[in-house]
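Okay, structure first, notes after.
The values are calculated or read from the model by the stated rules, or taken from the named source; none is laboratory data. Everything numeric in this text was worked out from a predicted model, so none of it was measured. With ideal geometry, Cβ positions are generated from the backbone for all residues, glycine too; neighbour counts draw on all protein chains shown. Calculation scope for accessible area: heavy atoms of the full protein, side chains included, ligands and nucleic acids excluded. Shrake-Rupley method; radii C 1.70, N 1.55, O 1.52, S 1.80 Å.
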Amino acid sequence: MLTACLVVALPALAHSEADDLQALLDEETAELTRERANSDYVPGIVGVYPRERLQQLGFQTVADAIALVPGLQANRDFAGLPLYFARGVPFFDSAGGFKVLVDGVTLSQENSGISGAVLNMAIQQVERIEVIRGPGSGLWGDYAFVGVINIITRRDDSLVWLGGGSKDRQHAGALLSRSGEIGRFSLGASLRRSGERGGPDQPFSAAREDLNERSRLLTLSAEFAGVELTGSAVGRDFSQAPDPRRFPTDERSAVLRLGKRWTPAEAVAARAYIERGRHHIRTPAIDYDASVWRLGGDLEWGAGLQRWLLRAQLSRNTLRQATFVPPGPPSLPLFVVDDLDQTLVSVLLQDTLALTDRFDLTLGLRADRHGDIGNQLSPRLAAVWRPAEQHTLKAQYSAGLRAPTFQYLYDTAEQPVPAVDFEQVETVDLGYIYRRAGAVGRITLFHSRFDNLRLPPPPYRPGAKAEAVGIELEWEQRLGHRLRLLSNLSWVDPEDQRTTTVAAADSVGYARWIGNLGLLGSVGDSVEWGLHWNYVGQRDLGQMDAPGYDRVDLSLGWVPRAAPRLALRASLRNAFDEDIDALYFFVNRVQRPGWDGRLFDLELEWRFD
């Protein structure tokens, strides 16, 4: 059924061309690609996911919504953090190898290996989510390894919301926005508490237990006379009941950026900024306390057929204390780092050349210098060709890099490990896009080669390689005036040398086939509904296979005609109570944190001026 929806264009009963044109114009990717244009026309493989669609499909957080991205397998680690496996080669820290941004700013300190808490942001705080599939280091540098997730926050509305559901879950939040002739201001806050039942099997517990999670998230955006203030903060606590000492996690991260923009000429734009971040993360294995200063800027200018981008950044990281407890016998030494400074410098130069009015060529080169590792270049070459109005062809070569996290980078004497180096990936993407009134289809072919992948657990052991080839199919179509179809299907063939459980074979825990089907509809002017089907195929575990699963989510929303500022929503996630295991490979063995099951939620939202 899902395959048929992708390869056969269902005839549209009717459609609104004006609505489709407006959606095309609204779908910008200004933050991720530095191109203020529709994602079809920018270099690379970029997806844009607007809040309205995500809410209609019943997604409550960014973490829920990312499962809609083609080729991504959604998981959670033992601390309950979102973890995404992308394009066949899984990574088990830093949100699965993704760089996570809020309004283009990094919140978490990635060399801790933990950066997923901000993905618990409520959908009400989001304007849209931009996702790069494939390496993004050519623009975003270190840790933009398998992709980039950028959360664009909501800035033009004021509202409050309150909700709750089964298994002792509650959430609430508020957003206040104001604008005038001199500037604008937006402040958002959300709280979420979960008592979901589930949890890890061996080795941490012989039976599933209650999981307690509390998260708080704050966003700030303001602009006055060209001066911008952007900030975000996250707090998260996680524990297993009845004993809260079992695998507790405590995270506090915050970042604030002060920037200034200038437009000295019509074709020239400049930006400078300073950032301050503070991060404290504590788990049974890691105690991490660090701060960072960043100073940087962009300069964009056009000359004839060319558009240039120059970007530079200087970072000063201070590891106040970073402790790692290796898995294994208590006799193993602790990794302890105290009051160490890291200096990181990056410079990017990119040129976009419009060879014709239908063919653009982008060439970029970014240089990163890590004071404890060395230098690394990340090239990027991309082309976009529009041979006809309805057809677009894309090609891109991109590179990604990832520095070792602190427990791999330093030895017990607080010195950089000799011969330590970046993990590296090179990817070639080929894409075709067909767009007509009421429908759009996309085909993406990719080939990725990974090198110098580190092997768990510490100390640092380089040299593993991986490779993946695959295809991603997407089809979106309006079926009449009140119904829209969203669908994608991906297949990948991976090889991964990081595990001894499988000899030079598939990546452990990853499904070759992943698909999504979404239906969004409305009844009259007051009722809207959504259905989302997420299919994950069989996953390889070495000596055995884990079964795939079909997760179906349903949602219903109502806006009373007598009270158009009020919205009521109900959602049923995992409607058929499918048994879903999030597979987590660590230290050459597979562990299976299981998560129950069917979840029901009710939510009330009120908008005000």
(request) For segment 298-328, name all the residues that are at pLDDT 90 or above, among the small types (Gly, Ala, Ser) and over 26 Å from the mean Cα position of the chain (by Cα). (result) Gly302
(message) Restricting to segment 541-566, name every residue that is closer than 15 Å to Ser526 by Cβ and free of Cβ contacts under 8 Å to residues at least 40 places away in the same chain.
(response) Leu556, Trp558, Val559, Pro560, Arg561, Ala562, Ala563, Pro564
(request) Kindly indicate the residue of segment 57-80 that is of a type outside the set (Gly, Ala, Ser) and farther than 18 Å from Glu130 by Cα and also most open to solvent (accessible area, probe 1.4 Å) among those meeting that condition. (result) Arg76
(message) Condition first: open to solvent by 10 Å² or more (accessible area, probe 1.4 Å), in a loop (DSSP other than H, G, I, E, B) and among the aromatic types (Phe, Trp, Tyr). Now tell me which residues in segment 136-155 satisfy that.
(response) Tyr143
(message) I'd like to check something: does segment 557-572 contain any residue that is over 24 Å from Ala174 (Cβ atoms), under 25 Å from the mean Cα position of the chain (by Cα) and at pLDDT 70 or above?
(response) yes
(message) Can you find, within segment 555-567, the residue that is nearest to Glu474 (Cα to Cα) among those that are of a type outside the set (Phe, Trp, Tyr) and open to solvent by 70 Å² or more (accessible area, probe 1.4 Å)?
(response) Leu556
(request) Please enumerate the residues belonging to segment 521-530 that are open to solvent by 10 Å² or more (accessible area, probe 1.4 Å), in a strand (DSSP E or B) and of a type outside the set (Asp, Glu). (result) Ser522, Val523, Val527, Trp529
(message) Being over 26 Å from Leu309 (Cβ atoms), within 12 Å of the chain's Cα centre (by Cα) and surrounded by fewer than 24 Cβ atoms within 10 Å (Cβ to Cβ) is the requirement here; does Ala117 meet it?
(response) no
(request) Please determine, by comparing only the residues of segment 203-217 that are aliphatic (A, V, I, L, M) and surrounded by fewer than 16 Cβ atoms within 10 Å (Cβ to Cβ), which one is modelled with the lowest pLDDT. (result) Ala206
(message) I'm checking my understanding of the structure. Among residues of segment 77-101 that are more than 21 Å from Ser490 (Cα to Cα) and among the charged types (D, E, K, R), which one is modelled with the lowest pLDDT?
(response) Asp77
(message) Contact list please: Cβ distance under 8 Å, first residue in segment 255-270 and outside any strand (DSSP E or B), second residue open to solvent by 40 Å² or more (accessible area, probe 1.4 Å), pairs at least six apart or on different chains.
(response) Ala267/Trp301; Ala267/Ala303
(message) I need the full set of residues from segment 175-188 which are in contact with a Ser or Thr (Cβ under 9 Å, 6 or more places away or on another chain), of a type in the set (A, V, I, L, M, F, W, C) and either open to solvent by 40 Å² or more (accessible area, probe 1.4 Å) or over 21 Å from Leu604 (Cβ atoms) (or both), in order please.
(response) Leu176, Phe185, Leu187
(request) Mind listing just one residue for me: the one in segment 81-101 that is among the hydrophobic types (A, V, I, L, M, F, W, C) and outside any strand (DSSP E or B) and, of those, most open to solvent (accessible area, probe 1.4 Å)? (result) Phe92
(message) Which pairs turn up if I take residues in segment 108-134 that are farther than 30 Å from Thr343 by Cβ and without any contact (Cβ under 8 Å) to a residue 24 or more places away in the chain and look for partners that are small (Gly, Ala, Ser) and crowded, with 24+ Cβ neighbours inside 10 Å with beta carbon separation below 6 Å, at least 6 apart in sequence or on another chain?
(response) none
(request) Please enumerate the residues belonging to segment 570-580 that are open to solvent by less than 50 Å² (accessible area, probe 1.4 Å) and either without any contact (Cβ under 8 Å) to a residue 24 or more places away in the chain or among the charged types (D, E, K, R) (or both). (result) Arg573, Ala575
(request) Read through the list (1) at pLDDT 95 or above; (2) open to solvent by 30 Å² or more (accessible area, probe 1.4 Å); (3) not hydroxyl-bearing (Ser, Thr, Tyr), then give the number of the only condition that Leu489 fails. (result) (2)
(request) List every residue pair whose Cβ atoms sit under 7 Å apart, with the two residues 6 or more apart in sequence or on different chains, where the first one lies in segment 146-160 and is closer than 22 Å to Lys99 by Cβ and the second, anywhere, is among the aromatic types (Phe, Trp, Tyr) and open to solvent by 10 Å² or more (accessible area, probe 1.4 Å). (result) Val148/Trp140
(message) Looking at segment 503-514, can you tell me whether even one residue there is assigned to a strand (DSSP E or B), open to solvent by 50 Å² or more (accessible area, probe 1.4 Å) and modelled with pLDDT of 90 or more?
(response) yes
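One line per residue, one yes/no per condition, for (1) open to solvent by 40 Å² or more (accessible area, probe 1.4 Å); (2) modelled with pLDDT under 95:
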site: Gly374; (1), (2): no, yes
site: Ala383; (1), (2): no, no
site: Thr392; (1), (2): no, no
site: Leu401; (1), (2): no, yes
site: Pro404; (1), (2): no, yes
site: Gln407; (1), (2): no, yes
site: Pro418; (1), (2): yes, yes
(message) touching a Phe, Trp or Tyr at 6+ places or on another chain (Cβ under 9 Å), at pLDDT 90 or above and under 13 Å from Thr61 (Cα atoms): is that true of Ile149 in this structure?
(response) no
(message) Given the condition open to solvent by less than 60 Å² (accessible area, probe 1.4 Å) and at pLDDT below 90, answer yes or no: does some residue in segment 531-539 qualify?
(response) yes
